[in-house]
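K.L.:
This structure is in structure tokens; I'll ask about it shortly.
The values are calculated or read from the model by the stated rules, or taken from the named source; none is laboratory data. It should be emphasised that the depicted structure is a prediction, and the values quoted were computed from it without experimental measurement. Positions of Cβ are generated from backbone atoms using ideal geometry, with glycine treated the same way; all protein chains shown enter the neighbour counts.
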Amino acid sequence: MNTVIRGANVSDAWKQAIKHLVQNGKDDYNLIVEIENPTLDDKTIRNQFNEVLFSMKDQTIETVANTIFPFGMNDKSKDRFDFYQRFQRVYPTLRRVPENSKGTYFGRLVEWNYGKGETFNQVEHTILKLARENHNGRGIRVMYEMSIYDPDLDKNNQMGFPCMSFISVKIRDGFIDLTAIYRNQYFVQKAYGNYLGLGRLLEFIAYESGYKMGKLTCIATHAALGTIKPRDNYKKMLEICSNQEQVELDFDV
């Protein structure tokens with residue numbers, strides 16, 4: 001049976017998902033998380049959990065989010081075309097980082113086929129299709145898809161990038177919703193940042209195509225709590241997710 005978690009914002013959804021995984025043996029299959037407002041989060045919770053991530057030498061929430069949508073770069077760009085060009089200029093440098101040897105999520109979205117010939121900007125193509133539909137009003141709601149998984153590059157992958165496989169955008173009554181499919185998602189190290197980055201990507205696509213921003217849905221075909229040590233960090237995470245309530249749970253994670 002699938003589990004569906006509905007959250008009002010990123011922090012709410014993430015806290016519910018963490019508590020579910022802790023109570024479910026630390027992993028689950030087909031965990032569906034739906035977020036009503038995926039660009040809104042509780043900054044206090046974000047800052048508190050960033051302290052935990054920093055103490056474990058893991059990436060911050062913002063760093064994870066920026067792999068999906070480089071928020072600061074977009075904020076400094078005069079328009080979306082300037083944004084694409086800025087990213088394209090730095091992408092070769094990003095690719096030289098060993099963990100980015102197969103690309104980044106945003107790189108695969110705007111520079112698909114990088115290094116193999118002419119690249120293709122899936123985000124821009126999706127925006128143009130959505131804007132055309134918004135203008136023509138033909139009622140076509142379901143043709144807006146973007147791939148992350150590349151059979152040529154990823155067919156022999158066992159672990160690691162990319163954990164997200166596919167993005168689907170749908171039109172709903174003047175809104176656009178975004179659904180992301182993960183083959184595996186770590187909820188301690190990645191999920192909060194994943195949600196924030198995907199929410200910002202959704203907001204960008206909605207604004208540029210003339211729609212209102214709708215809901216974000218993430219489907220983790222395998223959801224894993226992830227690693228969090230030592231015991232004090234685990235206790236602090238539980239306090240963050242439980243509004244400082246005392247929780248008696250197994251600390252062996």
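K.L.:
What number of residues within the stretch 166-209 satisfy the criterion of being β-branched (Val, Ile, Thr), more than 19 Å from Leu53 (Cβ to Cβ) and surrounded by 20 or more Cβ atoms within 10 Å (Cβ to Cβ)?
P.N.:
Qualifying residue count, the stretch 166-209: 5.
K.L.:
Ile219: in contact (Cβ under 8 Å) with a residue 12 or more places away in the chain, assigned to a strand (DSSP E or B), touching a Gly at 6+ places or on another chain (Cβ under 6 Å) and of a type in the set (A, V, I, L, M), yes or no?
P.N.:
no
K.L.:
Additional query: Quick check on this structure: which one of Ile61, Ile32 is of a type outside the set (D, E, K, R) and either out of contact with any strand residue (DSSP E or B) (no Cβ under 9 Å at 6 or more places or on another chain) or modelled with pLDDT under 95 (or both)?
P.N.:
One residue alone meets the criteria, Ile61.
K.L.:
How about the stretch 218-234: which of its residues are more than 22 Å from the chain's Cα centre (by Cα) and surrounded by fewer than 16 Cβ atoms within 10 Å (Cβ to Cβ)?
P.N.:
Hits for the stretch 218-234 are Lys229, Pro230, Arg231, Asp232.
K.L.:
Something else: Which of the residues that make up the stretch 88-105 are part of a helix (DSSP H, G or I), out of contact with any Asp or Glu (no Cβ under 8 Å at 6 or more places or on another chain) and not polar (S, T, N, Q)?
P.N.:
Of everything in the stretch 88-105, those that are part of a helix (DSSP H, G or I), out of contact with any Asp or Glu (no Cβ under 8 Å at 6 or more places or on another chain) and not polar (S, T, N, Q) turn out to be Arg89, Val90, Pro92, Leu94, Arg95, Pro98, Glu99, Tyr105.
K.L.:
If I ask for residues that are outside any helix (DSSP H, G or I), in contact with a helix residue (DSSP H, G or I) (Cβ under 7 Å, 6 or more places away or on another chain) and of a type in the set (Val, Ile, Thr), which ones from the stretch 1-31 would you list?
P.N.:
Residues satisfying the conditions are Thr3, Ile5.
K.L.:
Which condition does Phe106 not pass, out of (1) in contact with a Phe, Trp or Tyr (Cβ under 7 Å, 6 or more places away or on another chain); (2) exposed (fewer than 13 other Cβ atoms within 10 Å of the Cβ); (3) among the aromatic types (Phe, Trp, Tyr), if it passes all the others?
P.N.:
Condition (2) is where Phe106 drops out.
K.L.:
Same structure again: Here are some conditions: (1) in contact with a Pro (Cβ under 9 Å, 6 or more places away or on another chain); (2) within 22 Å of Gln185 (Cβ to Cβ). Val123 meets all but one. Which one does it not meet?
P.N.:
Single failed check for Val123: (1).
K.L.:
Spot the failing condition for Tyr105; the list is (1) of a type in the set (Ser, Thr, Tyr); (2) under 27 Å from Glu208 (Cα atoms); (3) more than 18 Å from the chain's Cα centre (by Cα), and only one is missed.
P.N.:
Of (1) of a type in the set (Ser, Thr, Tyr); (2) under 27 Å from Glu208 (Cα atoms); (3) more than 18 Å from the chain's Cα centre (by Cα), only one is false for Tyr105: (3).
K.L.:
A further question follows. Out of the residues in the stretch 133-165 meeting the condition of being exposed (fewer than 13 other Cβ atoms within 10 Å of the Cβ) and of a type in the set (Lys, Arg), tell me which one is farthest from Ala220 (Cα to Cα).
P.N.:
Among those that are exposed (fewer than 13 other Cβ atoms within 10 Å of the Cβ) and of a type in the set (Lys, Arg), it is Arg138.
K.L.:
Please go through the stretch 197-236 and pick out each residue that is within 22 Å of Gly160 (Cα to Cα) and either in contact with a Lys or Arg (Cβ under 8 Å, 6 or more places away or on another chain) or among the acidic types (Asp, Glu) (or both).
P.N.:
Answer for the stretch 197-236, where residues must be within 22 Å of Gly160 (Cα to Cα) and either in contact with a Lys or Arg (Cβ under 8 Å, 6 or more places away or on another chain) or among the acidic types (Asp, Glu) (or both): Thr221, His222, Ala224, Leu225, Gly226.
K.L.:
For Val33, indicate whether it is of a type in the set (A, V, I, L, M), out of contact with any Asp or Glu (no Cβ under 8 Å at 6 or more places or on another chain) and either under 16 Å from Gly199 (Cα atoms) or loosely packed, with under 15 Cβ neighbours inside 10 Å (or both).
P.N.:
Spelling it out, Val33 is indeed of a type in the set (A, V, I, L, M), out of contact with any Asp or Glu (no Cβ under 8 Å at 6 or more places or on another chain) and either under 16 Å from Gly199 (Cα atoms) or loosely packed, with under 15 Cβ neighbours inside 10 Å (or both).
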